[in-house]
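Read the figures in this text as sums done on the coordinates, not as results from a lab. The model shown is predicted, which means the values in this text are computed figures rather than measured ones. Glycine also receives a Cβ, built like all others from the backbone with ideal geometry; neighbour counts cover every protein chain displayed.
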Amino acid sequence: MKSLSVKRFTTISPILAVFLVLLAPGGLSAQQNKPWDKIPVPKLHDFKPQQPKRIELKNGIVVFLQEDHELPFVSGSVLIPGGSRDEDPAKTGLVGLYGQAWRTSGTAKLDGDALDDLLEAKAAHIETGGGEDSTSLAWDSLKGDADQVFSLALDLLLHPKFSAEKLGLAQQQEATGIVRRNDDEGEIAERESAKLVYGPNSPYTRQPELATIGAVTVGDLQAWHDRTIGGKLIVSVSGDFDAVAMEAKLRATFEGLPQVKPSPVRHDLFAGPTPGVYFIDKEDVNQSNVQIVGLGTDRHNPDVPALAVMNEILGGGFASRLFQKVRTELGLAYSVGGGYGAAYDHPATFDVDVLTKSATTVDATRAALAEIDGMTSKPFTQVELDRAKDNILNSFLFRYDTRDKVLAERVRLEFYGYPADYLETYKAALEKVTLADLGMVARKYIHPDKLAVLVVGNGPEIKPGLDELKLGAIKTVDITIPQPGKQDKTQ
Amino acid sequence: MQSRILPWSTRWILVLFVALAALSIAGAKAQDLKSFEQRITTKVLPNGLTLIICERPDAPVFSYSTFIDAGDVNDPSGESGLAHMFEHLAFKGTSEIGTTDYAAEKIALAKVEAANDAYEAEYLKAVGRDENKLAELKKAFIDAQAEAHKFVIPNQFTDIAERSGAEGLNAETGLDDTRYFWSMPENRLELWAYLESSRLADTVPREFYKERDVVIEERRMRTDSNPIGRLIEQFAATAYVAHNYGRSSIGWPSEVSQINATEAMEFHKKYYVGANVVVAVVGDVKAAEALPMLEKYFSKVPAGPKPEEMTTVEPKQFAEKTVTIREQTQPIYVEGYHRPSYRDPNDNVYDAISDILSNGRVSRLYRSLVRDQQIAAEAAGFSGFPGDKYPGLFAFLAVPLPGHTPAEMRDAIHKEIDKLKTADVTDDELAMYKTRTRADLLRGLADNQGLANDLAEYQTRYGDWRELFLQLDKVDKVTKADIRRVANEVFVSSNRTSAEIDTEAPAGNSKQAGGAQ
């Protein structure tokens, strides 16, 4: 089993996942003979990541081409603005269903099942999907099949034929997810803690119910498609092709489409959680999943580099204050970590999580809260700062060490409207973070009195009880799954 | 491999279950092998340790995989979870890393061990345990740990690695083997060689008992508090009567909670010997320049004979077995049939069956149970659970749609099995398996870490990394008759173990003890 991954199996925003720092006992390490410090570190080989070619078509569609001739494959994708946060709340789940049924339905020329047969025989794929802020269509194949697979993908992009039967299949799959959503403790904790932060009816957290997915029709899927396909598409192709020929082909295909329509501007409100202790009882577990949550920020915020360094010190990885205290020193958790999240176009969450046996729920929660509190009361040291920056900066090139990663990053930046050199400016800003910056962001963003504590665990086993946290009355969260036809009793 | 069990969110149940059993894909074209032969250097050191270097200088980074040919299947009786516990210890530093004064720490650690022995001796007394004495011994044990802790620089090993740019630093222990891995900028190759060889050769049982608590939390997370974790543990325990594949790989609670540091270090001494270790490095590394340096560091790993093979062979199953878990979670059905190990000449035939039954929306189980009958959200058949170094299971899993039952899953799966036994698969199905296997192998070559893992694994498993490519010949030779023959040999009821979760109503009376209110 993964022995050390703090986050790999847990339920936190991946943005928060990879950080760290250490508190070495003062002075002791100075006595150490450190043979590793004597090992030479040569200059890193020169490396200029190959940037994809960006082409903006007259109608506003943007194309990226990333040649890579190492292996005989070609893959591509079309990213389409608009996702589940934009769907009708009465039909929550529509985009998820759309993402499945689009591909499984197929086109008038070739239905989804026939498409499956054709593609799988070539070890090729065309898949569609729906997410929070976008939907997508992606394809990949061996080089020799690339032209045919591209034609098929294009046909699916422009001429889908949604089938009632495949929508029904997707609805069944989704329903299975809904009735099973309270089986796993981690899944409950992740979902419900986000609802505490954003509110249960927020476009970012409202959940599909049997009734809302049942309300979705084939007409709804077609309407969604017609509405979003005219947006600013981002087309990216990578692999073993000739860029000149590919550019000509993509221009011929996409330049004839109408002028793209801008995405409507969102006006979401983000209030953050109502502070307090929340509890969800789960009788079949012997470990509590504790989530300490609040509102985070977005990446336009100029404080994000300093926050990233702060996160590293708070809860990134092995040497973070949380890991050192709760796991290494107290042995209270296998999984502990977290930090102040930053999303691209809306506030992410602040989230610290600890998984600990029922009986030590209060101890572990207190220990984690103390470290959060310590962000403002326990001064950051130069050792912590240096370490955190080393950790982030020395592994920074893993953000662009493959051509696919470079391409994905450029598509992401294009989608959210960030400059193409964002990573470089971000890295430069990380390098400049000072102790004063850390103190400033901690004071500005860490407010323990604005955080909610959610515990999912086995009530009778949690002794001492959560009231020992002395954070007010415990609020029980009802996670009963509404049955269609019955009165919806929550929210 | 238990290591790969993730928290299940419904859509991924199957993916996860399959992932934990997945074999690395085999097969490729000869010309690819040739190109790899030019870029790969293999060297067996005098201590028996094998180094593999694959030059892939696209970006100034490298990934490595250290593959130990020992896992929890090798845990001695009464010490289940030991291999995994040792893996945690391998992150705690060495006599140089993580200590302020190793000479003094060593003495303090010996006292910790003696205090633990004294405490355990009293604790385990079946008759005449003295509770006062036990409390005193426990205090002495805790005090001894505190004394040893004074010399510790916590997490220094991982700190050095991460400050030097380590990415994806982790390890996995499965029943079959133990793997350590990360990626780094290429200019830290020597630092990595120092760190990796030190922790293999010079492990110190530092903070062992705290780490044991951490591992028990890991068990609570993966197994006790997770419906699939519970199901898998019971399924394997029921399927095996003699072989260690039936044993909880993270360890039974009573055993893992009493493993001591002496036992962990004995495991290290026996299994972490050169002949049992393969280290593969893939990336921006020049073998000619790096080899002398790597040789210097990795020669520190003690030489030792390859540990003896396990003698226990699971006896032939002659009675069908079933486990039913009744609880308030949603239903799942799984069944398995004993099959031979990966060394069996029919190994690729099982891969073909798995592919035809389970791979994608064209697969038989998807089309039958999901698309046409509309009784399951997901369904698949796959090899490699709970391991494949020794005879494992060919397992089937199905997740019922709301309103459908495990019994319906079982019947539908059995119909599909009967089809395999009574009629040949189609030419198209067989060709698809071969095409996809070849393409998947090629796709995997683009990733340094994945390639390092595969090279180390194939070198260990077959004595030659080339087998990763050469297996394609065997894949090409699989016939329709092979599939039908193997299905008839293996998928018989007397060779079957099934396990299911039956959903119990949450009504008040049915609630288990301790669940008041």
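In chain B, Cα pairs under 8 Å separated by at least six residues give a relative contact order of 25 percent.
Counting alpha carbon pairs within less than 8 Å and at least 6 residues apart, what relative contact order, in whole percent, applies to the stretch B:100-151?
55 percent
Within the stretch B:160-197, find all residues whose amide N lies under 17 Å from a label point positioned 7 Å from the Cα of B:GLU467 along Cα-to-beta-carbon. Answer for this model: B:176-178. Restricting the stretch B:283-345 to GluC sites (Glu not before Pro) that sit in a DSSP loop and have at most 10 other Cβ atoms within 10 Å of their own Cβ leaves B:GLU308, B:GLU309. For B:TYR123 and A:GLU329, what does the FRET efficiency come to when R0 = 25 Å and r is the distance between their Cβ atoms, rounded to the nearest 0.05? Once rounded, the FRET efficiency stands at 0.55. Simple point charges give the picture: +1 on the Cβ of Lys and Arg, -1 on the Cβ of Asp and Glu, and for the stretch A:60-254 a dipole about the Cα centre of about 660 debye. In this label model, A:HIS300 and B:ASP502 are separated by 5.8 nm, measuring between points 7 Å along each Cα→Cβ vector. Can you pull out the trypsin sites (Lys or Arg not before Pro) in the stretch B:434-514 that DSSP calls coil and that have at most 16 other Cβ atoms within 10 Å? Of the trypsin sites (Lys or Arg not before Pro), the ones in loops of the stretch B:434-514 whose Cβ has at most 16 other Cβ atoms within 10 Å are B:LYS511.
Using the Cβ-Cβ distance between B:LEU134 and A:MET440 with R0 = 56 Å, the FRET efficiency computed as 1/(1 + (r/R0)^6) comes to roughly 0.60. Length available on full extension from B:SER493 to B:LYS300: 0.36 nm per residue minus the Cα-Cα distance, which gives 64.3 nm.
Rounded to the nearest whole Hz, the Karplus-based 3J(HN,Hα) values (6.51 cos²θ - 1.76 cosθ + 1.60, θ = phi - 60°) of the stretch A:248-263 follow the sequence 4, 5, 5, 4, 4, 7, 9, 5, x, 6, x, 3, 6, 9, x, 6, with x at glycine and proline. Can you compute log10 of I(q)/I(0) for the protein assembly as shown with the Debye formula, treating each Cα as one identical point scatterer, at q = 0.10 Å⁻¹? At q = 0.10 Å⁻¹ the computed log10 ratios are -1.44. For the stretch B:144-171, backbone nitrogen atoms closer than 18 Å to the point 7 Å from B:THR262 Cα along Cα-to-C-beta are found at B:144-145. Quick check of the Kirkwood formula: for chain A, what is the inverse mean of 1/r over all pairs of different Cα atoms, in Å? So the Kirkwood estimate lands at 24.9 Å.
Applying a threshold of 31 Å to the alpha-carbon distances of B:LYS138/B:LYS269; A:LYS325/B:LYS270; A:LYS261/A:LYS427 flags A:LYS325/B:LYS270; A:LYS261/A:LYS427 as lying beyond it. Under 25 Å of direct C-alpha separation, and excluding same-chain neighbours fewer than eight residues apart, B:LYS480 reaches these lysines: A:LYS122, B:LYS29, B:LYS415, B:LYS419, B:LYS421, B:LYS434. Apply the a/c threshold of 1.5 to the C-alpha gyration tensor of chain B and tell me whether it is rounded, prolate or oblate. Oblate. The phi-based Karplus calculation (6.51 cos²θ - 1.76 cosθ + 1.60; θ = phi - 60°) puts the 3J(HN,Hα) values of the stretch B:123-133 at 4, 8, 4, 6, 10, x, 5, 9, 5, 5, 5 Hz, whole numbers, x for Gly and Pro. Evaluated with a Cβ-only charge set (Lys, Arg +1; Asp, Glu -1), the protein assembly as shown carries a dipole of roughly 720 debye about its Cα centre, given to the nearest 20.
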